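Only one structure is covered here, and it is reproduced in the block below.
The values are calculated or read from the model by the stated rules, or taken from the named source; none is laboratory data. Everything numeric in this text was worked out from a predicted model, so none of it was measured. A quick note on method: Cβ atoms are made from the backbone with ideal geometry, for glycine too, and the neighbour counts reach across all protein chains shown.
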Amino acid sequence: MNKQRRSTRLTTALLLLLLGATPALGQVSPHAHEHEHEHAAGLHPDTERIIVTASPLAHTRDELALPVDRLDRQEILNRAGPTIGETIQRVPGVSTTGFSGGASRPVIRGQDAYRTAVLEDSLPTGGVSQLSPDHGVPANPLVADAIEIVRGPATLRYGGGANAGVVNTLTQRIPRTAPKTPFRADLFGAYGSNMDEGLTAAVLEGTQGDFAWHLDGAYQRSEDYDGGNGQRQNGTYYKGGTASVGGAWLGEKTRVGASYTYFSNDYGVPEPGEPVSIDMDANRFRAEFEQSEPWAGIHKIRASGVYTDYEHKEIADGEVGQTFDNDQFDGRVELLHETIGGFDGAIGFTGEYRDFSAGGEAAEYLAPTKSWQFAGYLFEERQLTSALEAQVGLRIEGASVRGTPLDATSKKTRRFVPVSGSVGLLFQPRRNVTLGLTGSVSQRAPGDAELFARGPHEATGTYELGSSSLDPETGYTGELRYEWDQGRIHLSGAAFMTYYEDYIFGNLTGFEVDEDGVLVPDGTPDSLDQLFYISRDALFYGGELSLRADLFEIASGNVRLDGQFDWVRARFHHVGPGVNSNVPRVTPIRWGGGLSFDADNLRARIGFIRSQRQKHTGEFEPTTGAYTLLNMNLTWQLATVVEGADVELMIAGENLTDEVARNPIAINKEDVLLRGRAIRTALRVRF
């Protein structure tokens, strides 16, 4: 499809989205002022959890058209994964790349890397995890306040890199509100049996007058773990931690603060033959500013920026063979305007500068690149009737990537103007029923590796070749969300369909090459799989379903049943007869459930998650069998002699049946088993 035709289709789709909403948006609703979205005056009860990721306006989960999940701190510590991906992988629609113990990136609806944004406090983490699954995300879940997951395009605020969704780790490193007491501490320690695992974390907060401060730190370590067959999985160890200090001045209408965070991770890479490890370091400097009623017509202005100095070294046989350096700045400004003609909304601007370079053998894979991005977006809401609300948005972005193509020695700059738009309808015919319908068109500029990769990538066993002539990727998505809360029974689900024009992916050719890219016979020792970044039209569709039912009460506690199901199917279009049309490494059907008991001082759950065999594998992609993981956790609140202290003992078991299992979407699934039986004991103390 040529550029003119693509541009015409995109423009037409955006006009249809916006014009389709215009008749309803033009109506003046008598209920327009019934709901003040900022909620600064506490219109939402404290028990409701405000979602900050999906919209510039403060909302609870029921007030959003897109499906959003949120793990609070207690749930995060119950799972206590060493990475963000491991921690959230049992959320419906979410899985993980699972490459190694220290590198496991989130995957939403079968898509990761350049289509799932991984953020910390709504700004990028500044690493290079999108380049390869062996690169970890420089963020630690043990110090998080919460983790929010948006399933579906969140491109208006976060760009094309959030076309599949967003994972946002929320912290209090720059305090948003003053702690309820002058000093607060949250201490956590855990030990895991399978891999001699040790986890510790501490979060300290306090206030002095109008100044609030925050300190946190975490350290994690483990040996190589045993798989379900009892065999040691070499290269799965990890050790590292994080430390952060931050503070904010909290005035009557103004908040200003800053923080510094250091992140370190040393972990193994499961590569046959030689021992390989990655030594990662990141320094992150962040500042935030917020002011209420700064000018007439503006309810609030928010500004935030983060600079990340990232480096990792890939070490083989004790020698540094490759280095990856990334200096990155990201900033965001949002202005929330007062209600105008029944509309509540925000105008936002984002910018990013990224200076990437690779050294040693990695310089053969990707020459230095520089990337710029600046975008403006508009997000508006209007209550149409007492039961119906419209949510519309538009984003226009300028992006450029400068690098060295495969077939040239001089640098080349590619410039793009991605445009995204969406219209959502939120319908609540009854207080306990929510329906969300969203249509969106989003564009993504190709990434640096997709454009300029040109050599061997040892960790994945591939020889990758980019294409500097790639066009932007365009996705057309329809999403339906349903939620029903009957009190004792809660049912939620979502169904989606996305059609991509020029879906960019790494295509395995079936040929093997040496480190210079020269074809060699199949089975040649140390050969690499040839991979070209190309684009094809593709269709993704599927959905998620979750159920929670309170069964009965016993021993002053409540017994609950829960269940979940998610499914993704992805196929290429127009591939020709006899060609495999399956998109590679897409999550298979997963389903599971459990029973839990919840009382005042005791919470317990036992449940399972089953991954079906993926029948629809991509070209030259090996298959993996189905497996079922049985898990349990127990949290017991202990009596304490210290007034005001809260002490909890936590016990968690993973893969209790010691199932032999392989991650169906891991690129190294033939070589690495998932972790076998593991029992973790933890103690949490708060005061």
Residue in the range 413-434 that is closer than 27 Å to Gly487 by Cα, buried (at least 17 other Cβ atoms within 10 Å of the Cβ) and touching a Phe, Trp or Tyr at 6+ places or on another chain (Cβ under 8 Å) present
yes
Residues in the range 666-687 that are β-branched (Val, Ile, Thr) and at pLDDT below 95 total 2
I need the full set of residues from the range 656-672 which are touching a residue at least 40 places away in the same chain (Cβ under 8 Å) and in contact with a Lys or Arg (Cβ under 6 Å, 6 or more places away or on another chain), in order please.
Asp658, Asn663, Ile665, Lys669
Please list, ordered by residue number, the strands (runs of 3 or more DSSP E) wholly in the range 31-122 having 2 or more residues that are within 23 Å of Ile174 (Cα to Cα), modelled with pLDDT under 95 and aliphatic (A, V, I, L, M).
none
Before we move on, is Tyr541 touching a Lys or Arg at 6+ places or on another chain (Cβ under 9 Å), closer than 30 Å to Glu63 by Cβ and without any contact (Cβ under 8 Å) to a residue 60 or more places away in the chain?
yes
Determine, yes or no, whether Glu501 is among the acidic types (Asp, Glu), buried (at least 19 other Cβ atoms within 10 Å of the Cβ), touching a Leu at 6+ places or on another chain (Cβ under 7 Å) and in a strand (DSSP E or B).
no
Residues in the range 508-515: is at least one under 24 Å from Pro405 (Cβ atoms), surrounded by fewer than 17 Cβ atoms within 10 Å (Cβ to Cβ) and among the acidic types (Asp, Glu)?
yes
Looking at (1) modelled with pLDDT of 95 or more; (2) assigned to a strand (DSSP E or B), find the lone condition where Asn507 falls short.
(1)
What is the residue count in the range 201-214 for residues that are within 29 Å of the chain's Cα centre (by Cα) and either at pLDDT below 95 or crowded, with 17+ Cβ neighbours inside 10 Å (or both)?
7
Just wondering, is there one or more residues in the range 289-301 that are under 18 Å from Glu352 (Cα atoms) and buried (at least 20 other Cβ atoms within 10 Å of the Cβ)?
no
Some residue of the range 556-570 being among the aromatic types (Phe, Trp, Tyr), over 19 Å from Pro92 (Cβ atoms) and either part of a strand (DSSP E or B) or within 27 Å of the chain's Cα centre (by Cα) (or both):
no
Check on Arg354, closer than 30 Å to Glu515 by Cα and basic (Lys, Arg)
yes
Within the range 166-267, strands (runs of 3 or more DSSP E) holding 1 or more residues that are more than 30 Å from Arg151 (Cβ to Cβ), touching a Leu at 6+ places or on another chain (Cβ under 8 Å) and of a type in the set (Asp, Glu)
197-208
Is it the case that some residue within the range 437-451 is closer than 30 Å to Trp372 by Cβ, outside any strand (DSSP E or B) and charged (D, E, K, R)?
yes
Go through the range 258-276 and count every residue that is hydroxyl-bearing (Ser, Thr, Tyr) and touching a residue at least 40 places away in the same chain (Cβ under 8 Å).
3
When you go through (1) more than 22 Å from Asp566 (Cα to Cα); (2) at pLDDT below 95; (3) surrounded by fewer than 16 Cβ atoms within 10 Å (Cβ to Cβ) one by one for Lys615, which number turns out not to apply?
(1)
For the range 91-122, give me each residue that is surrounded by 24 or more Cβ atoms within 10 Å (Cβ to Cβ), in contact with an Asp or Glu (Cβ under 6 Å, 6 or more places away or on another chain) and among the hydrophobic types (A, V, I, L, M, F, W, C).
Phe99, Ala103
With Gly510, Gly523 as the choices, which residue is touching a residue at least 60 places away in the same chain (Cβ under 8 Å), within 19 Å of Asn668 (Cβ to Cβ) and either of a type outside the set (D, E, K, R) or touching a His at 6+ places or on another chain (Cβ under 9 Å) (or both)?
Gly510
